[in-house]
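Q: Let me give you the structure first, and then I'll get to my questions.
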Amino acid sequence: GENVEQHPSTLSVQEGDSAVIKCTYSDSASNYFPWYKQELGKRPQLIIDIRSNVGEKKDQRIAVTLNKTAKHFSLHITETQPEDSAVYFCAAGYSTLTFGKGTMLLVSP
Amino acid sequence: SAVISQKPSRDICQRGTSLTIQCQVDSQVTMMFWYRQQPGQSLTLIATANQGSEATYESGFVIDKFPISRPNLTFSTLTVSNMSPEDSSIYLCSALDRMNTEAFFGQGTRLTVV
């Protein structure tokens, strides 16, 4: 089955800096790669996703890149704000999703 | 995107009892899933709820412990049977929208077994 590795497990940045979270996956059949943000005590919320026919996707301060050859994808957050602080999960799959272990992002004012 | 209502939001249960969690989506969806999330951990897929047929369970999860129903395209239940303290966790319902473009989640059920 699919195996998703996510790094780093924690990430501390200053407000205004950029943050990058990286994930690798093992199953070449995976074609859907969403990213979720989960605040404490709340449900995971989809923030951006990418499919295997696209190499990069951007939505305001958030972007995701995908390298299918290397089987890795990354989340980029620019101009970070304190409200970006949360746990971020990557996932990979086609009909079912396998999640990475999560990255706790802390943005300090 | 569609909205998932999940209940109960939390419960404290005695060991040996069973709890049924309900998941209602406000529109028809193609696929529904049940996840478990231990505090501070990632999401682990329990099973895919199939409409009108038996759920598809992931390795480590069995139907006798986690029976699942999905009688129609908008509703599913997960039962946690014969509970023990190790079953204490957050259980999340998820669904794929009709275009299979987004997987979204219910608010979760925080279960504590004492």
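The values are calculated or read from the model by the stated rules, or taken from the named source; none is laboratory data. Since this is a predicted model, take the numbers as computed values, not measurements. All Cβ positions, glycine included, derive from the backbone under ideal geometry; neighbour counts span all protein chains shown. The accessibility values were calculated without ligands, DNA or RNA, using every heavy atom of the protein model including side chains. Shrake-Rupley method; radii C 1.70, N 1.55, O 1.52, S 1.80 Å.
Q: Give the residues of the range B:48-74 that are in a strand (DSSP E or B) and touching a Ser or Thr at 6+ places or on another chain (Cβ under 6 Å), sorted by residue number. Reasoning before the result, please.
A: The initial filter retains those residues of the range B:48-74 that are in a strand (DSSP E or B), namely B:48-49, B:56-57, B:68-72.
Across the range B:48-74, the qualifying residues are B:Thr48, B:Ala49, B:Thr56, B:Ser69, B:Arg70.
Q: While we're looking at this one, here's another question. Whether any residue in the range A:53-69 is at pLDDT below 95, within 14 Å of another protein chain (Cβ to nearest Cβ) and surrounded by 16 or more Cβ atoms within 10 Å (Cβ to Cβ) is what I want to check.
A: no
Q: Continuing with this model, one more query. What do you reckon, is A:His72 closer than 29 Å to B:Arg110 by Cβ and open to solvent by 50 Å² or more (accessible area, probe 1.4 Å)?
A: no
Q: Next up: Have a look at A:Gly100, A:Gly93 and point out the one that is closer than 16 Å to B:Glu102 by Cα and in contact with an Asp or Glu (Cβ under 7 Å, 6 or more places away or on another chain). Please lay out each step first, then the result.
A: Details: A:Gly100 fails: closer than 16 Å to B:Glu102 by Cα.
So the residue among A:Gly100, A:Gly93 that is closer than 16 Å to B:Glu102 by Cα and in contact with an Asp or Glu (Cβ under 7 Å, 6 or more places away or on another chain) is A:Gly93.
Q: Please go through the range B:15-41 and give me each residue that is modelled with pLDDT under 95, assigned to a loop (DSSP other than H, G, I, E, B) and either of a type in the set (Lys, Arg) or touching a strand residue (DSSP E or B) at 6+ places or on another chain (Cβ under 8 Å) (or both), ordered by number.
A: B:Asp26, B:Val29, B:Thr30, B:Gln38, B:Pro39
Q: Condition check: open to solvent by 70 Å² or more (accessible area, probe 1.4 Å) and farther than 18 Å from B:Glu86 by Cβ. Does B:Gln41 satisfy that?
A: Details: open to solvent by 70 Å² or more (accessible area, probe 1.4 Å): yes; farther than 18 Å from B:Glu86 by Cβ: no.
No, not satisfied.
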